[in-house]
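The values are calculated or read from the model by the stated rules, or taken from the named source; none is laboratory data. All values derive from a computational prediction rather than experimental measurement. For neighbour counting, all protein chains shown are included, and Cβ atoms are generated from backbone atoms with ideal geometry for every residue, glycine included. Ligands, DNA and RNA are excluded from the accessible area calculation, which covers all protein heavy atoms including side chains. Shrake-Rupley method; radii C 1.70, N 1.55, O 1.52, S 1.80 Å.
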Amino acid sequence: GAANSREQRFEFYRPELNRGASERFKLEGALRRALERSEFELHYQPQVALGSGAIIGVEALLRWRHPERGLLGPGAFIELAEETGLILPIGEWVLRRACEQTRAWQQNGVPVVPVSVNLSARQFAEHIPETVRRILDETGLDPALLELELTESASMDDPKRTFEILRRLKEMGVSLAIDDFGTGYSSLNYLKRFPVDKLKLDQSFVREIVSDPHDLSIARAVIALGHGLRLTVIAEGVESAAQLALLARHGCDEMQGYFFSRPVPASECARLLCDGVALSVDAMRPAPGRR
Ligand code: C2E
Ligand code: MG
Ligand code: MG
Ligand code: MG
């Protein structure tokens, strides 16, 4: 009502909010220029198979090398990028860069693994199959080396449409993962029909899995659900040997987290892939007497 809008106007003119708005405006301008100035880069975080400790994938994670503020993670700008629509050109850059990089590694004899790219809901809505097709053609990357991560909210807005988009992506030969699984609102009925390959158990359930029995129950339920649907289950945010051991004991297939490696720049990632290191494989063997 009128009182309400007056209140809002009052709120709007509070000086600290003004400062907020002008900072946002500045950030938006800087974000707009960042692509032209090549200030974005991708870091890569290994994903590890439980049995062998082998790196079976890498997730591409966006970073902004801001001229004044240094290296920024997506937390500092991704929301604004989504609100302003800048996520579309940025997201396309991410997709192209990840494909180019993986193709370049392959051509240089690096033993490559599939690269996972995060898609925002907004990108998902916008001709994504055509964009992916074009970028695969331009970069020459084998579609089997590309995985796309989408969140539950991106996929559940319009399930019919989503199903169609996922089907077309699968037809191209790329694989699909549901990111942050357990934090959104998946309908199990749709999950049953969506042609996805992998569930990524959200790190909020992993964080206290050792001390919180509820988190453990949820993790076990997600693993059982995934396996029941013949999906691979990967745990995000694994930071300790204890978390790893618990997830391993309950049959989780793959893991990703600081325990194995932080996201690293491309050159370092290439080194990890070349070394073929089995990351922390000893920690994965069940300790004697632990079962
Ligand atoms: P996400 O896709 O769930 O990625 C995992 C996040 O967890 C990454 O944060 C990663 O650095 C962090 N992480 C990995 N292992 C651990 C761990 O052991 N402990 C903890 N505490 N954190 C860990 P990051 O790079 O800051 O990215 C945050 C989110 O931003 C991503 O979450 C993803 O939703 C989004 N994002 C990142 N890159 C892109 C992109 O290229 N496009 C879009 N649309 N979103 C992106
Ligand atoms: Mg992700
Ligand atoms: Mg996630
Ligand atoms: Mg996330």
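Distance from the Cα centre of the range 110-152 to that of the range 68-107, in angstrom?
13
Amide H neighbours of residue 116 under 5 Å, at least 5 residues apart or on other chains, H built in the peptide plane: list them.
For residue 116, whose amide H was placed from the backbone, the distant partners under 5 Å are 58, 59, 60, 147.
What's the magnitude of the charge dipole for the chain around its Cα centre, counting Lys and Arg as +1 and Asp and Glu as -1 at the beta-carbon? Answer in Debye, nearest 20. Could you put the intermediate results ahead of the total?
Working: 36 positive and 41 negative charges, 38 e Å.
Magnitude of the dipole: close to 180 debye.
Per residue, how much accessible area does the range 71-172 have with a 1.4 Å probe, in Å²?
Here the residues of the range 71-172 average 43 Å² of exposed surface.
If you average the sequence gap of Cα pairs under 8 Å that are 6 or more apart and divide by the length of the chain, what percent do you get for the contact order?
19
Calculate how steeply helix 213-228 sits against the longest principal axis of the alpha-carbon atoms of the chain, using the helix alpha-carbon long axis, and give the answer as 0 to 90 degrees to the nearest 10.
Rounded to the nearest ten degrees, it is 80.
Along the charge dipole of the chain, which of 178, 251, 78 sits closest to the positive end, that is, farthest toward it, with unit charges on the beta carbon of Lys, Arg, Asp and Glu (+1, +1, -1, -1)?
251
Mind giving me the FRET efficiency for residue 106 and residue 197? R0 is 22 Å, r the Cβ-Cβ distance, nearest 0.05 is fine. Provide the component values of the computation, followed by the final result.
On the way: r = 21 Å, r/R0 = 0.95.
Using R0 = 22 Å, I get an efficiency of 0.55.
For the range 78-129, which trypsin sites (Lys or Arg not before Pro) are in a loop by DSSP, counting at most 13 other Cβ atoms within 10 Å?
Working: sites: 96, 97, 103, 122; in loops: none.
Taking the range 78-129 and a limit of 13 other Cβ atoms within 10 Å, no loop trypsin sites (Lys or Arg not before Pro) are found.
Return one number: the angle in degrees, 0 to 90 and rounded to the nearest 10, between the long axis of the Cα atoms of helix 128-139 and the longest principal axis of the Cα atoms of the chain.
Relative to the chain, helix 128-139 is tipped by roughly 70 degrees.
Using only DSSP helix segments of four residues or longer, with each worth -39500 (n - 2.57), what per-residue ellipticity at 222 nm results for the chain after dividing by its residue count and rounding to 500?
Values: 14 runs with 146 residues, N = 291.
Mean residue ellipticity at 222 nm (helix-derived): -15000 deg cm²/dmol.
Given the convex hull of the Cα atoms of the chain, what is a quarter of its surface area in nm²?
Value for the chain: 18.6 nm².
Provide the gained length on full extension for the span residue 212 to residue 271, in nm with one decimal, where the gain is 0.36 nm per separating residue minus the Cα-Cα distance.
Additional length available on full extension: 17.6 nm.
Share of antiparallel DSSP beta bridges in the chain, in percent to the nearest 5?
Rounded to the nearest five, the antiparallel share is 45 percent.
With just the Cα atoms of the range 130-216, tell me how far they stretch along each of the three principal axes, in Å, largest first.
Here the spans come out as 48, 27, 16 Å, largest first.
Looking at the P(r) of the range 65-183, how many percent of alpha-carbon pairs lie beyond 22 Å?
37
Picking from 140, 228, 20, which is most flexible by a Gaussian network model of the chain using Cα springs under 10 Å?
Judging by the Gaussian network model, the answer is 20.
Where does helix 15-36 land angle-wise versus the long Cα axis of the chain, in degrees 0 to 90, nearest 10?
For helix 15-36, the angle is close to 60 degrees.
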